[in-house]
Amino acid sequence: MNIVLWIIQVLLALLFLFAGGLKLVLPIDVLTSMGPPNQVQLPGLLIKFIGVCEVLGALGLILPGLLRVKTWLTPLAAAGLVIIMIGAVAVSLKLGMGAAVTPFVVGLLLAFVAYGRRRLAPLSHR
């Protein structure tokens, strides 16, 4: 179970580092103009804040386990990213059910990591 959780954590961390990093690097006017015209338009500063949360969450998925320091942060980071994915599902539902599938699956994987690192295979301290 530990290996499965680590694989999922690394893949999710890469996903959120990319998505959050992109939100932080791109200018606000580009971020607000991206997406289909019928999509909910989020304020630029909110998108930047979500990017910061995604990058910090990605680091929280990996670093505590690698460094064996404050390992209780890993399930907390996963739970925080679940909240972001709930928002992503809500926004994606405006585009249709198909658009909400990916954030829903990512949210389920994050919930599995949060539960798994809390109950099934907790990370140990040194």
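From the list 17, 45, 67, the one residue that fits, being of a type in the set (A, V, I, L, M, F, W, C) and in contact with a Leu (Cβ under 9 Å, 6 or more places away or on another chain), is 17. Checking each residue in the range 91-101 for being closer than 16 Å to residue 15 by Cβ and either exposed (fewer than 14 other Cβ atoms within 10 Å of the Cβ) or in contact (Cβ under 8 Å) with a residue 24 or more places away in the chain (or both) picks out only 101. When 76, 81, 24, 63 are screened for being in contact with a Phe, Trp or Tyr (Cβ under 7 Å, 6 or more places away or on another chain) and either open to solvent by 40 Å² or more (accessible area, probe 1.4 Å) or assigned to a helix (DSSP H, G or I) (or both), only 81 passes. Residues that are over 19 Å from residue 1 (Cβ atoms) and touching a residue at least 60 places away in the same chain (Cβ under 8 Å) do occur in the range 71-90.
Report, by residue number, each residue of the range 102-122 that is in a loop (DSSP other than H, G, I, E, B) and open to solvent by less than 20 Å² (accessible area, probe 1.4 Å). Listed by number, the list holds a single entry, 121.
Pick from the range 28-45 the residues that are open to solvent by less than 70 Å² (accessible area, probe 1.4 Å) and either under 24 Å from residue 13 (Cα atoms) or assigned to a helix (DSSP H, G or I) (or both): which of them is modelled with the lowest pLDDT?
First, the residues of the range 28-45 that are open to solvent by less than 70 Å² (accessible area, probe 1.4 Å): 28, 30-32, 35-36, 39-40, 42, 44.
Still in the running and either under 24 Å from residue 13 (Cα atoms) or assigned to a helix (DSSP H, G or I) (or both): 28, 30-32, 35, 42, 44.
Details: 28: 90, 30: 88, 31: 84, 32: 83, 35: 67, 42: 84, 44: 88.
Among those that are open to solvent by less than 70 Å² (accessible area, probe 1.4 Å) and either under 24 Å from residue 13 (Cα atoms) or assigned to a helix (DSSP H, G or I) (or both), it is 35.
The set of residues from the range 75-126 being of a type in the set (Lys, Arg) and within 23 Å of residue 41 (Cα to Cα) comprises just one member, 94.
The values are calculated or read from the model by the stated rules, or taken from the named source; none is laboratory data. Remember, it's a predicted structure, so these values are computed and weren't measured experimentally. Please note: Cβ atoms are built from the backbone with ideal geometry, for glycine as well, and neighbour counts cover all protein chains shown. SASA here: full protein model, heavy atoms, side chains in, ligands and nucleic acids out. Shrake-Rupley method; radii C 1.70, N 1.55, O 1.52, S 1.80 Å.
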